[in-house]
Amino acid sequence: MDRIRLATLDDAPAIQSIYAPIVTHSHTSFELEPPTVEEMWRRIEGTLKTLPWLVYDSGGHVLGYAYAGVFRTRPAYQWTVEVSVYVAETARGRGIGRALYESLFACLRVQGHRTAVAGITLPNPTSVRLHERVGFRKVGVFHRVGFKLGAWHDVAWWDLPLQAGPDPPAPPVPLPEIQASRAFQAAPGPAPAGTGKLKPRGAARQEPRPPDTGAIPPPVHPLFVRTCQTIATAGEWPYHGPLASGHGFGGTRKTYARQEESIV
Ligand SMILES: CC(C)(COP(=O)(O)OP(=O)(O)OC[C@H]1O[C@@H](n2cnc3c(N)ncnc32)[C@H](O)[C@@H]1OP(=O)(O)O)[C@@H](O)C(=O)NCCC(=O)NCCS
């Protein structure tokens, strides 16, 4: 059975084994040495104190992960997070990256975050496509800001408005508070087998692309279970309404909840 769930510390070895070859063999990450499993354990633990770290779990095997990190530490930045996603080489091109990102954004909206940003070391056409598909806008490029594997690399920065709301915004709700909520505890268990099927390997690149309407895709992927959609439906946590830019999902929190229900 496939599902997207919050990471646990037991996922550290699988996450490390997805990330290590990317560090060693590509310019994608600007780390020069792969972190150890212990270091990955520490990173997961540190992240989950406030922010989501999700894994794509296929029958007990972790095929990919996505997480949010602090963008900058000055307090006025607290509603903005930096996001990252990694999929095991053998599982790419099946929609896992997109499913992880959409689930992560659902979680971030529930917490009350307003903006996600991402940096992509160039060239990385797959990552650029993924970020475009989930609604990111390209902000600009820092030139020659990293030296790795014998070359200087540019980094493109992207941003995604997550939601609008009343200002001044309430501080984002730390993830453990959401996990401790009644709504989270009552959220449904794993989806029945057969729901949220992935594309066959490679299909993502061959299918004709739907016209780009400029709208952000649905906020919760059907594979994302027992985490955020029920919380949003229960209306216990912040969802402040549509984005002024037209990126919203419609009207009030109640409307949002109805839309959540319709796609789960
Ligand atoms: C980038 C990455 C996370 C994407 O995950 P994925 O599961 O392979 O991507 P998805 O299957 O969800 O596809 C997302 C989009 O990218 C497109 N895509 C997938 N593979 C592609 C490829 N090789 N070339 C071009 N586009 C590609 C898909 O077609 C899809 O777009 P579409 O909806 O228009 O069809 C994954 O390839 C990866 O882990 N790469 C190495 C690490 C990395 O670069 N991480 C991002 C750091 S910024």
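Has the stretch 11-25 got any residue that is more than 17 Å from Ala88 (Cβ to Cβ) and among the charged types (D, E, K, R)? No; the residues of the stretch 11-25 include none that is more than 17 Å from Ala88 (Cβ to Cβ) and among the charged types (D, E, K, R). Taking the stretch 120-133 only, how many residues are surrounded by fewer than 20 Cβ atoms within 10 Å (Cβ to Cβ) and part of a strand (DSSP E or B)? Looking only at that region, the number is 1. Across the stretch 129-165, the number of residues qualifying as farther than 20 Å from Ala116 by Cβ and not basic (Lys, Arg) comes to 10. Being of a type in the set (Val, Ile, Thr) and under 14 Å from Gly97 (Cα atoms) is the filter; apply it to the stretch 116-136 and report the residue that is nearest to the ligand (Cβ to nearest atom). Selected residue: Thr126. Modelled with pLDDT of 95 or more and either in a strand (DSSP E or B) or within 8 Å of the ligand (Cβ to nearest atom) (or both): is that true of Gly93 in this structure? So Gly93 does not fit the description; no.
In the stretch 65-88, is there at least one residue being in a loop (DSSP other than H, G, I, E, B) and within 16 Å of the ligand (Cβ to nearest atom)? Within the stretch 65-88 (the criterion being in a loop (DSSP other than H, G, I, E, B) and within 16 Å of the ligand (Cβ to nearest atom)), the answer is yes, since at least one residue qualifies. Pairing residues of the stretch 96-119 that are surrounded by 24 or more Cβ atoms within 10 Å (Cβ to Cβ) with residues that are part of a helix (DSSP H, G or I), at Cβ distances under 6 Å and at least 6 apart in sequence or on separate chains, gives Gly97/Leu130; Val110/Ile231; Val110/Ala232.
Does Thr50 count as assigned to a loop (DSSP other than H, G, I, E, B) and either modelled with pLDDT of 95 or more or more than 16 Å from the ligand (Cβ to nearest atom) (or both)? Criteria met by Thr50.
Among residues of the stretch 53-89 being at pLDDT 95 or above and among the hydroxyl-bearing types (Ser, Thr, Tyr), the one that is surrounded by the most Cβ atoms within 10 Å (Cβ to Cβ) is Tyr65. Summed over the stretch 96-115, residues that are assigned to a helix (DSSP H, G or I), more than 14 Å from the ligand (Cβ to nearest atom) and not basic (Lys, Arg) total 5.
The values are calculated or read from the model by the stated rules, or taken from the named source; none is laboratory data. Predicted model only: the values in this text are computed from it and were never measured. Glycine also receives a Cβ, built like all others from the backbone with ideal geometry; neighbour counts cover every protein chain displayed.
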